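Derivation of every value follows stated rules applied to the coordinates shown; laboratory data play no part. Worth saying up front: this structure is predicted, and the values here are computed from it rather than measured. For neighbour counting, all protein chains shown are included, and Cβ atoms are generated from backbone atoms with ideal geometry for every residue, glycine included.
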Amino acid sequence: MSQDILDTMIGAGGVTADPQAAQEHFEKAAALEEAGNRQEAVEEYRKAVQLGSQPQHIFRLAYLLDLLGEENESIGLYEQLIHNDRPHVNALLNLAVLYEDRGEIAKAEKCLRQILDTAPNHERASMYMKDVQASRNMYYDEEQARNLDRHRALLDTPVTDFELSVRARNCLKKMQIRTLGDLLKISEAELLSYKNFGETSLNEIKLMLSSKALRLGQGLDGQYSRARQEIYEELRDKASDAVLNKPIAALDLSVRARKALQVLNIQTIGDLAMRTEAELMGVKNFGQTSLEEIDIKLGDFSLGLRKLD
């Protein structure tokens, strides 16, 4: 229940505060509750809160509403109590339990932290905190599992489910690319090297993947990163880090060669030396002349393109 609802309950209809009458309703409610007449007790507690708004009256009403399954109203009343200068400890405890039941783990933990910050040895609060933290870990594990399931389902989506041009569809079909997951395992250069596959189809596919927060080659990142590190360590035996980290511009390549390297996202001399001839030749419009030019430029630094065993 929000503050507005509670204010309405306390002051609705121009009700004037009457502490004595509030206490009488409270005592009557307590007697009804003890006799097992919970619903009638709630009505008397409501009247007590309307006439006096005493913390004890609000707490009993919140507690009984919780027992009767009126969770939202109970939470609103507890929240009113914990915003006082001296929060009601039992209200904090009960509210933490309600929050945990609703999966609002951070709020539950905050309530218990308010108690433990001033009473670190509070037994019930410490016990509840352990439960809340266990629930938090379980909640995160379950959420992570759900996210993983959603991600897997997305990657299993057939590319035919998306609005692609006939040319793009036919090329993907001939390349045995059937799902989004398959697309993530292929690079731009590999797509462009395929016959009749051009920039228009590439941009079409990149736009489609971008709408799903995906990109070409994404599925290769982990595998490529490990291999890249091993290859880089081998290159350090041939050239210094200063040379390997030099930008590609230092090679003063022709426009055609530079464009091919841009397609492969090659930024430094080290990046280039990790590539093979086959990777470069797979780029559209990259020919033997450009390959020889790169071999000569890398040779100036005692480097060359990577050779496959």
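Consider the candidate values (i) 15.8; (ii) 18.7; (iii) 27.7; state which one is mean projected area of the Cα convex hull in nm² computed from the structure displayed.
So the calculated entry is the one marked (iii).
For each pair in K185/K206; K259/K297; K107/K130; K206/K246; K212/K284, compute the distance between the two Cα atoms and list the pairs where it is over 23 Å.
K206/K246; K212/K284
Tell me, what HN-Hα J-couplings in whole Hz come from the Karplus equation 6.51 cos²θ - 1.76 cosθ + 1.60 at θ = phi - 60° for each residue of region 178-183, using x for Gly and Pro?
So the Karplus estimates, Gly and Pro as x, are 9, 10, 4, x, 5, 4 Hz.
Is the C-alpha gyration tensor of region 220-299 telling us rounded, prolate or oblate? Criteria: a/c under 1.5 is rounded; beyond that, a/b larger than b/c is prolate, otherwise oblate.
Details: a/c = 1.90, a/b = 1.29, b/c = 1.47.
The shape class here is oblate.
Counting only residues 5 or more places away or on other chains, whose amide H sits under 5 Å from the amide H of T179 once H atoms are built in the peptide plane?
V159
Neighbouring Cβ atoms within 10 Å as the yardstick, rank T268, T200 fewest first. Write out the running numbers ahead of the final one.
Numbers: T268 16, T200 11.
Going from least to most buried by this count: T200, T268.
Could you put V89, V255 in order, starting from the residue whose Cβ has the fewest other Cβ atoms within 10 Å? Write down the numbers at each step before the final one.
Values: V89 17, V255 8.
Result, fewest neighbours first: V255, V89.
Just need the relative contact order of region 159-216 here, percent rounded to a whole number, with Cα pairs under 8 Å and 6+ apart.
Details: 39 pairs, mean separation 22.0, N = 58.
The value is 38 percent.
For a quick check, take a GNM of the chain with Cα springs below 10 Å and name the residue from L172, L32, L209 with the largest mean-square fluctuation.
Of L172, L32, L209, the most mobile in the Gaussian network model is L32.
Normalised by the residues of the chain, what does the relative contact order come to in percent, with Cα pairs under 8 Å and at least six apart?
Details: 323 pairs, mean separation 28.5, N = 309.
Over the chain, the number comes to 9 percent.
Taking H placed 1.01 Å from N in the peptide plane, check which residues at least 5 places from T268 or on another chain put their amide H under 5 Å from its amide H.
Amide H neighbours of T268: I248.
For the chain, set up a GNM with springs between Cα atoms under 10 Å and report which of R178, R152, R124 has the largest fluctuation.
R124
Within 10 Å of each residue's Cβ, count the other Cβ atoms and sort R150, R102, R306 from fewest upward.
Details: R150 10, R102 13, R306 16.
By the 10 Å Cβ count, ascending, the order reads R150, R102, R306.
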